[in-house]
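Once you've had a glance at the structure underneath, I'll fire off some questions.
The values are calculated or read from the model by the stated rules, or taken from the named source; none is laboratory data. From a predicted model like this one, the values you see are computed outputs, not experimental measurements. Here the Cβ is made from the backbone with ideal geometry for all residues, glycine too, and neighbour counts use every protein chain on show. The protein model used for the area step is the full one, side chains on, heavy atoms only, and it has no ligands, DNA or RNA in it. Shrake-Rupley method; radii C 1.70, N 1.55, O 1.52, S 1.80 Å.
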Amino acid sequence: MDRKPKIKAIIDRNIRDIVLLNANNKIGFVSVNKIEVSNDYSIAKVYVSFLGSKDAKKSFDKLVQMAPSLRHELAQKISLYKTPEIRFIHDQRFIIDEKMNELLKKDQAELDLMKKKK
């Protein structure tokens, strides 16, 4: 049985718990969208978004500053030879999707208006 998927799942679950517990208290609501763990477990890329945040950039910067302490907490929860470095990536898919939906609605409204004029 391959251990890699199990180890990655343990890392994923623990990072999600740690980020949600610590970050939400300090910077507001953080959504952990995806976590990618390198094959050697040295790096964990954590894709996050900030729903309802007035200043997502500021929240993201605070989260990046918290990374070393979050890694330390992760090391206390799991026992691996090397605890992965946590790298946060600001996932802006939801913002882009929202803007695209707005543009599509606007285009549809213009098309409907043009049809009515004919």
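Please compute the per residue accessible area over the chain with all protein chains in place, 1.4 Å probe, rounded to a whole number of Å².
72 Å²
Something else now. With the cut-off at 21 Å, tell me which of the pairs 4/77; 34/62; 4/45; 8/58 have Cα atoms farther apart than that.
As for pairs spanning more than 21 Å Cα to Cα, those are 8/58.
What lysines does residue 106 reach when the alpha-carbon gap must be under 16 Å and sequence neighbours fewer than 8 apart in one chain are set aside?
115, 116
At most 12 other Cβ atoms within 10 Å and a DSSP loop assignment: could you name the trypsin sites (Lys or Arg not before Pro) in the stretch 37-87 that fit?
54, 82
Ok, one more. Only one of the listed values, (1) 1.20; (2) 0.96; (3) 1.12, was derived from the coordinates as Rg/Rh (Cα atoms, Kirkwood Rh); which label is it?
(1)
Looking at the chain, send over the antiparallel percent of its DSSP beta bridges, to the nearest 5.
Given both bridge residues lie in the chain, the antiparallel proportion sits at roughly 50 percent.
Taking a quarter of the surface of the Cα convex hull of the stretch 1-59, what do you get in nm²?
So the Cα hull casts an average projection of 4.3 nm².
Ranked from the most accessible area to the least, with a 1.4 Å probe and all protein chains present, what is the order of 86, 43?
From most exposed to least exposed: 43, 86.
Tell me which of 33, 10, 74 sits at the most positive position along the dipole axis of the chain, charges placed on C-beta atoms (Lys, Arg +1; Asp, Glu -1).
Positive-most Cα among the choices belongs to 33.
If you roll a 1.4 angstrom probe over the protein chains with everything in place, what fraction of the accessible area of the stretch 24-65 belongs to carbon and sulfur, to the nearest %?
49 percent
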